1. Applying the Karplus parametrisation 6.51 cos²θ - 1.76 cosθ + 1.60 with θ = phi - 60° to the phi angles of the range 226-232, what ³J(HN,Hα) value in whole Hz is obtained for each residue in order, glycine and proline being reported as x?
2. Leaving out ligands and nucleic acids, and using a 1.4 Å probe, what accessible area per residue does the range 4-75 come to in Å²?
3. So what are the ³J(HN,Hα) numbers for the range 140-156, from phi and the Karplus equation (6.51, -1.76, 1.60; θ = phi - 60°), rounded to whole Hz, Gly and Pro as x?
4. Name the most mobile residue of Gly143, Gly188, Gly38, meaning the one with the largest mean-square fluctuation, in a Gaussian network model of the chain with Cα contacts below 10 Å.
5. Which entry in (1) 32, 20, 20; (2) 36, 31, 17; (3) 31, 27, 17 matches semi-axes √(5λ) of the Cα gyration tensor in Å derived from the coordinates of this structure?
6. Compute the relative contact order of the range 1-133 as a whole-number percentage, counting only Cα pairs closer than 8 Å that sit 6 or more residues apart in sequence.
7. For the range 68-225, how big is the tail of P(r) above 18 Å, as a whole percent of Cα pairs?
8. Kindly work out what percent of the DSSP beta bridges joining two residues of the chain are antiparallel, to the nearest 5.
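The values are calculated or read from the model by the stated rules, or taken from the named source; none is laboratory data. None of these values were measured; they are calculated from a predicted model. Cβ sites come from the backbone with ideal geometry, for glycine too, and all protein chains shown count toward neighbours. To get the accessible areas, we keep the full protein, side chains included, count just its heavy atoms, and leave off ligands, DNA and RNA. Shrake-Rupley method; radii C 1.70, N 1.55, O 1.52, S 1.80 Å.
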Amino acid sequence: MTDFTLTAPLTDPGTAWAELRAHPELIWSHGAPDLEPGRDYDANNALGIAGQGRIETVEPGRVEFSWAGDGWEQSGRLVLFVGDDLVIEARAIPDDHADAARDYWQRAVTTASEYLNQPNPAGTAPRAVLFDADGVLQSPRPGWLADFVRIGGPTFVADAFAAELDCLTGDADLKPRLERLLASGTGGSVDEILEVWHELVIDPDALAVVDRVRAAGLLAVLATNQQSYRGARMRQHYEMDRHFDHVFYSYEVGVAKPSAAYFQHILDTLELAADQVVFVDDSPGNIRAARAAGVPSALHRTSDGAAGLASELAALGVPI
């Protein structure tokens, strides 16, 4: 068995602990549980790499939990500490999974600390609201992750997201890249993968919040990273654009979040200053980038749904 400790400095430990209680996805990513003893969870990170476990004990500044990656025979034991540093101590990690586990949790510690150390700029009365799509207004259908693995193989999820990156800016075509990934002989097809990738669950209550923003006299703006095939599906099949005054699909803009150029393009197009715009996204990295660009922003917890979205907007000064 392998033990390891991962550490990152925090600038405001008190605020960090409160933020982690409100947003456990900063550590446990998609599928994060409420931080209550006895909570089971099944989470996956931005690369689609999954893990399962249970929250065991919760004390101020300390969470003890179990975690196992896919296919593990035995769970490891981990402890999160929040003080002057953000610390994860991992214990009893199976030796043959130790490197992958270290990479997984290093990514979590780095992402969380960078977000927690990024201040939110002050804003004026907002005139426009930027909405992310995935994780805020829509989500993949249940079971998509297992279907990706079934169709493409055990490493396909991370490989597919890596292949998609240049496609988000319109610099590459996703289909040939998927064809190369699938050529290893799994028997899966590009059409099968795209059907899974593009089948969305739209949250009508979240879109009703968007409609309320427009009714209050603010500009509702879609700010989403998409490759061209998925963006076209959102427009043509789900008719997403009709809810917004402006839409900024990254593949059309030519740059993607978290690039500062993406946010600057939106501000220039809207002819608004950064402090006149607010932004909601479920990605800590995108929130950090928007805040660095001077845009007041809120991290959305997907499980909080439309009620959480409305509350986040109200906290940003949106009259909703």
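1. 8, 7, 4, 5, 6, x, 4
2. That works out to 46 Å² for each residue.
3. Along the range 140-156, the couplings run x, 5, x, x, 5, 5, 5, 5, 4, 5, 4, 7, x, x, x, 9, 5 Hz.
4. The residue that fluctuates most here is Gly143.
5. (3)
6. 27 percent
7. Pairs farther apart than 18 Å: 74 percent.
8. Antiparallel bridges make up about 70 percent of those DSSP assigns within the chain.
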